[in-house]
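Following: one structure in structure tokens, then a few remarks.
The values are calculated or read from the model by the stated rules, or taken from the named source; none is laboratory data. All values derive from a computational prediction rather than experimental measurement. Ideal geometry is used to build each Cβ from the backbone, glycine not excepted, and the neighbour counts take in all protein chains shown.
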Amino acid sequence: MSARSAHRLISASDLKRQRGWTETLVDALLGAPDALCPNPHGFRSPMRWFRADRVLDAEAGEAFRRRLDRLGPHHAWRRGLPTRTWSPDELEHLEWLEDPARIALFHAPRRPRMRRPRRAAAVAPVVPTAGAVPRFEVLRLF
């Protein structure tokens with residue numbers, strides 16, 4: 001058994017769902033994942049796996065403690081529940097990254113969704129004026 005396979009792994013989605021992490025915190029405190037594996041839910045980005053000891057070290061830090069203080073009661077109750085951890089032997093097609101500390105991550109925040117303005121319910125017909133150039137041409141097929 002190698003030193004890597006002795007560690008328990010936690011997925012990034014479990015960190016966010018069960019332990020109160022955000023994507024920004026994962027990138028800032030943990031950096032690159034320790035391992036990747038294909039996502040079983042279709043053609044999506046691969047699942048990111050972090051060693052449990054790295055997660056616990058990051059949670060002991062001051063930055064995460066400040067985040068916990070701001071966590072609302074609807075999220076805080078999850079922290080008391082046990083978090084799913086996986087042995088590397090339980091995961092199929094697991095690919096270990098050589099040195100996660102040397103991999104640079106750049107967090108690109110999501111852009112807000114832009115909504116198109118609604119069209120008015122009753123649009124007044126455009127009456128062409130004399131000498132005005134039409135903006136479109138009607139194509140007659142028959």
Residues within segment 6-54 that are within 29 Å of Pro73 (Cβ to Cβ), in a helix (DSSP H, G or I) and of a type in the set (Gly, Ala, Ser), tallied: 4
Consider Ala12 carefully, then state whether it is under 16 Å from Ile103 (Cβ atoms), out of contact with any Leu (no Cβ under 8 Å at 6 or more places or on another chain) and without any contact (Cβ under 8 Å) to a residue 60 or more places away in the chain. yes
As an exercise: evaluate Ala60 against (1) within 21 Å of His7 (Cβ to Cβ); (2) of a type in the set (Gly, Ala, Ser); (3) touching a residue at least 40 places away in the same chain (Cβ under 8 Å) and give the number of the one condition it does not meet. (3)
Unique match (being among the basic types (Lys, Arg), more than 18 Å from the chain's Cα centre (by Cα) and at pLDDT below 90) among Arg44, Arg54, Arg19, Arg79: Arg79
When segment 6-45 is checked residue by residue, the ones that are of a type in the set (Asp, Glu) and more than 15 Å from Trp86 (Cα to Cα) are Glu23, Asp27
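Mind checking which residues of segment 76-103 are surrounded by 14 or more Cβ atoms within 10 Å (Cβ to Cβ) and either assigned to a helix (DSSP H, G or I) or free of Cβ contacts under 8 Å to residues at least 12 places away in the same chain (or both)? Spell out the reasoning first.
Initially, segment 76-103 is screened for residues surrounded by 14 or more Cβ atoms within 10 Å (Cβ to Cβ), giving 83, 85-86, 88, 91, 94, 96-97, 100.
Result: Pro88, Pro100.
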